[in-house]
Amino acid sequence: MNRVVAALLSTTALLGILILGACSKNQVPQGEEVPVARSSNELGAPAGGEPHFTAPEGWVSEKPSSSMRQSQYRLPGQNGAGDAEVAVFTGIGGSAQANVDRWIHQFTKPDGSPVENASQVQKKIGSFEITEVDISGTYTAAMGPMMGGGSAAKHPDYRMVAAVIETGQGPWFVKMTGPAPTVAHWKDSFNQFLASIGS
């Protein structure tokens, strides 16, 4: 009898743990971020020296496509070119320079040789140290691990303006990628977005 009672108690405890786990998971739907925005156009991170940003006029907020993305925006196409995208994300390892180098290597000249036009600057906004890179060329989209011998999509005449922001909780990244004419149109507002850190 004692063994039966013990088995029942163990099963009941296990069911309780599973139910509690399911309830906690249901608080945030799978594949979605914990909401951190204080308004429809602002990404907020109120504590611990993390940045927050205010989206400029004309940026279209979208649901983040990755669990690492804190915020994501679509920038409407310009001069007959397609849309660009801005993503704000965390959780990527490596130094600022390692990430900048990785981004540069995603671009080539039309003949497939490495790009030589990437510019890189260091600046400080408020208390945040920022490494910014500006790259143009044929962009090989980051598609994750290759499967079945496939190849990543290539996008000619693309441009990326990206920043690594050093924070007390590790680096944050802001990356604008898209057709060169569209990125050129939105470059000033990208600078405005970065300048809004902590404001």
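The values are calculated or read from the model by the stated rules, or taken from the named source; none is laboratory data. Quantities reported herein were computed from a predicted structural model and do not represent experimental measurements. Neighbour counts are summed over all protein chains in view; Cβ atoms, including those assigned to glycine, are modelled from backbone coordinates with ideal geometry.
Per-residue answers, yes or no, for (1) modelled with pLDDT of 85 or more; (2) among the hydrophobic types (A, V, I, L, M, F, W, C):
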| site | (1), (2) |
| --- | --- |
| L14 | no, yes |
| L20 | no, yes |
| P56 | yes, no |
| E62 | yes, no |
| S66 | yes, no |
| Q70 | yes, no |
| V88 | yes, yes |
| G94 | yes, no |
| N99 | yes, no |
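With the condition being modelled with pLDDT of 95 or more, over 23 Å from S67 (Cβ atoms) and charged (D, E, K, R), I'd like the strands (runs of 3 or more DSSP E) fully within segment 124-199 carrying at least 1 qualifying residues. Break it down into steps so the answer makes sense when it comes.
Working: elements: 128-140, 154-166, 172-179.
The strands (runs of 3 or more DSSP E) meeting that bar are 128-140, 154-166.
If you scan segment 87-111, which residues turn out to be in contact with a strand residue (DSSP E or B) (Cβ under 8 Å, 6 or more places away or on another chain) and part of a loop (DSSP other than H, G, I, E, B)? Can you show your working first?
Here is the first cut: in segment 87-111, the ones in contact with a strand residue (DSSP E or B) (Cβ under 8 Å, 6 or more places away or on another chain) are 87-90, 92, 96-97, 99-100, 103-110.
Of everything in segment 87-111, those that are in contact with a strand residue (DSSP E or B) (Cβ under 8 Å, 6 or more places away or on another chain) and part of a loop (DSSP other than H, G, I, E, B) turn out to be T90, I92, Q106, K109, P110.
Please state which one of S71, S113 is under 18 Å from the mean Cα position of the chain (by Cα), hydroxyl-bearing (S, T, Y) and on the phi < 0 side of the Ramachandran plot.
Working: S113 fails: under 18 Å from the mean Cα position of the chain (by Cα).
Exactly one residue qualifies, and that residue is S71.
Could you tell me whether G77 is exposed (fewer than 15 other Cβ atoms within 10 Å of the Cβ) and either modelled with pLDDT of 95 or more or more than 15 Å from the chain's Cα centre (by Cα) (or both)? Walk me through how you get there before you give the answer.
Numbers: exposed (fewer than 15 other Cβ atoms within 10 Å of the Cβ): no; either modelled with pLDDT of 95 or more or more than 15 Å from the chain's Cα centre (by Cα) (or both): yes.
Here the answer is no, as G77 does not meet what is asked.
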